[in-house]
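What follows is a single structure, written as structure tokens, with notes after it.
The values are calculated or read from the model by the stated rules, or taken from the named source; none is laboratory data. It should be emphasised that the depicted structure is a prediction, and the values quoted were computed from it without experimental measurement. Here the Cβ positions follow ideal geometry from the backbone for every residue, glycine too, while neighbour counts run over all protein chains shown. Accessible surface areas use protein heavy atoms only, side chains included; no ligands, DNA or RNA. Shrake-Rupley method; radii C 1.70, N 1.55, O 1.52, S 1.80 Å.
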Amino acid sequence: MSDVVVATGLGKRFGDYRAVDGVSLSIARGSIFGVLGPNGAGKTTLLRMLMGVIDPDTGTRSLLGSDRPRDVAHLIGYLPEERGLYPSMTARDSIAFMGALRGLSWAEGRKRADVRLETLGLGHAPGMKVRKLSKGMAQMVQLVGALIHDPELIVLDEPFSGLDPVNQERLEALVRAERDRGATIILSTHVMAHAQRLCDELAIIAGGRRHFLGSVEQARALLPMAVRYRPRVDGDAAEMERLLPDGATRQDGEWRFALADDGVEPLLSALVAAHHGVEGLAIERPGLHEAFVHIVGKAAAEKAS
Amino acid sequence: MRVLRSALVVARRDFTSIVLTPTFLLFLLAPLMMIGFAAIGGTGAGQLAQHAGASERIIAIVPSEQLRAFAAADTQLRRVSGPPRLVISAGQDTRIGALGRDPNVLAILTGSAERPRILERAPNSYAGRYLATLAETVARQGLARAADTHAASNARFETIASIGTARAAQSGLGYGAVFLLFLLSLLLGGQTVGMLAEEKGNKVIEIMAAAAPLEGVFLGKLIGMLGVALLFVTFWVCLIGGGLLFVHAQMPENVAGLFNLTPAIGWPWFIALATLYFLSAFLLLGSVFLGVGAQANTVREIQMLSLPITFFQVGMFSLASAAANAPGTIWASVAQWLPWSSPFAMAARGATDARIWPHIVALGWQAIWIAITIALSVRLFRAGVLRSGSGGGWSLPGRRRANNHP
């Protein structure tokens, strides 16, 4: 797969504040790429630079084969973090307007708007003024507007915020459908569950720097497997801490600790021999959430030191 | 091409979003308030005009030997029609200039009954025709005495405006054009920035910035508002023009005569040029408002930033007004060359100067400045909308950092 986005050493300062600091990444065509990071990490600034909405102070970027991202703006669909619609326009015209800005005729835009809103269960919305729509509906209208011209690259900045669970699922399905159509999707979010389900690859940004680049599985693999153990006969804390690996913690009668390199069997033998027995045992791979917290926490610690 | 296409998309949206709303009707009819005040003033003026009707008169300055014949003919003719009072005197026509400036004098006859010269307020006026009939009657009586059957009188008609106060009236017309253009360009040019404030507030501008060239967005906003402005102007020109034509036809001759002024360049050219100068002034001012307004984020900031522009424009208006009142002076030249006052001053020039070529030069000169202003304003607009940092934009104190932390 060829790369749709290639960025090298992108940096941006606003006065004394360094929003993005030397970020490099590449995004394969037809993939869903997550840009993750805590609030204020620099995700939106990075996306704006990639699309050419703002110019970087340092570094280069190439978008859909062009060094001048604004030349290919008509091939991009963009849902910004801060939603923007004209309150006095109808949902249909709002979508057609966004399509027209990208070269679609108004008539075709209106036609497609009706069809796509219907598909999303918003068949009653096309003629409604934006000011009459609920926040979630308005967000879906804006999303349809971003996709109305069948873009090659779709940039979604925090698309799930403000949506109810039903619409979140609809949106996830929509993102997958766009990927299946052949579009490349860049998804910025700080909700790890969505990223874990959707993203093929991701970058984790914190303090303006990229601290991870790889697949979801690679991110999860940064942490050891986690063990949850519930003894049949609980001992006193000192004895249990002596038997269990370093860093074991107790919560609601359950001990949690990282899986040792030699597996769980030697530990279980020791626990059985000490008459604690096993009432429950689970070995789990950490989720993206834990990996994210680990990476971001490490980044914060590095910065502090 | 993409710039033009985006400009048209933005222009279409802006135009329809303004025009197809009930509030536009309020905007369109807002001048009614001004007209209402004018009507109140007009009522007073009408009462004055009615009062003046009692002293209306027509004048005949004839050779002394025809004095009695004219008086007799007037007595005879007055039985069948009722023209204003006739004042007959013998002598030369040296008083015509002073009489022409008196609005109560509807028509003046000079010369002999056989070759009368008739000066009237409006062509083919009743007063003028009455004096011609009077001369014809006197001339026929003279021929009858001589048993001559040839044609009696050969009257030559002129309008009084051509001999009297035309120059001053044209200057007044020029000042009126300056005032109207200034008012319209300031009111409508300032509107462009209001829409931008809304878009910055609801973040639509970011979507536009990501989707289309900002030059296109800028031009689109300018063109959209220009369309609204032209619609506004066309509506009122048609309404007021039609109204004036109707009212003019209903006016007493002496009052109607006061409106018989023609700009030196002629009405068709004057209206066409005034329209072009309005476009020029609007583009110059609207682009500055857009460029500077893009730096603001709230209506309050826009008002603060608009104030110096408004003061500057008032200064240009004063300069152009001075030029309208004193054509041909150094101030007039300065006002005509200074790009910001040039549209107003040149419109005023059209009222007093019949030459076309200065307008062609002025329009070319203004076009250059429009291009320069738009180019600079686009840069300012881009910096303001995107805060692109390297774009060299500026910001209100303490604003940039707060705005740019995503």
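Summarise the partner chain shielding of A:98-106 as one whole number: the mean count of Cβ atoms from other chains within 10 Å of each residue's Cβ.
Taking the mean over all residues of the peptide, I get 5.
Please give the contour-minus-distance gain from B:Ser64 to B:Gln191: 0.36 nm per residue of separation, less the Cα-Cα distance, rounded to one decimal in nm.
38.9 nm
Taking every pair of Cα atoms in the stretch A:111-227, average 1/r, invert it to obtain the Kirkwood radius, and report Rg/Rh to two decimals.
1.03
For a bin width of 20 Å, list the pair-distance distribution of the protein assembly as shown built from all Cα-Cα distances, rounded to whole %.
14, 31, 23, 15, 10, 4, 2, 0, 0
Which ³J(HN,Hα) values in Hz, rounded to whole numbers, follow from the phi angles of the stretch B:191-198 under the Karplus curve 6.51 cos²θ - 1.76 cosθ + 1.60, where θ = phi - 60° and Gly and Pro get x?
Going residue by residue, I get 5, 4, 6, x, 5, 5, 4, 5 Hz, with x marking Gly and Pro.
Express the C-alpha Rg of chain A as a ratio against the empirical globular expectation 2.2 N^0.38 Å, rounded to two decimals.
1.23
I'd like to compare B:281-287, A:172-178: which one has the highest average count of other Cβ atoms within 10 Å, and what's the full order after that?
Put in order of decreasing packing, that is B:281-287, A:172-178.
Provide Rg and Dmax in Å for the stretch A:90-155, with only Cα atoms included in the calculation.
Looking at the stretch A:90-155, its Cα Rg and Dmax stand at 10.6, 31 Å.
Place the peptides A:183-195, A:157-169 in order of packing, highest mean first, counting for every residue the other Cβ atoms within 10 Å and averaging per peptide.
Ranking the peptides A:183-195, A:157-169 by packing returns A:183-195, A:157-169.
Using only the Cα atoms of the stretch A:4-116, what semi-axes does the equivalent ellipsoid have when each is the square root of 5 times a gyration tensor eigenvalue? Give whole Å, largest first.
In descending order the semi-axes read 30, 17, 13 Å.
Can you send over the carbon and sulfur percentage of the accessible area for chain A, probe radius 1.4 Å, protein chains only?
Looking at chain A in its full context, I get 50 percent from C and S.
Of A:Glu265, B:Glu120, which has the most accessible area and how do the rest follow, probe 1.4 Å?
Heavy-atom accessible area, descending, gives A:Glu265, B:Glu120.
Only protein chains counted, 1.4 angstrom probe. Which residues of the stretch A:1-31 are at least 50 Å² less accessible in the assembly than when their chain is isolated?
Buried by 50 Å² or more upon assembly, which counts only protein chains, are A:Phe14, A:Tyr17.
For the pair B and A, how large is the buried accessible area, both sides, in square angstrom to the nearest 100, if the probe is 1.4 Å?
Counting protein atoms only, the buried area is about 3000 Å².
Averaged over peptide A:140-151, how many Cβ atoms belonging to another chain are found within 10 Å of each residue's Cβ?
1
For the stretch A:174-250, state what percent of all Cα-Cα pairs lands in each successive 5 Å bin, counting from 0 Å until the bin that includes the largest distance.
Percent of pairs per bin, in order: 3, 11, 17, 15, 11, 10, 10, 9, 8, 4, 3, 1.
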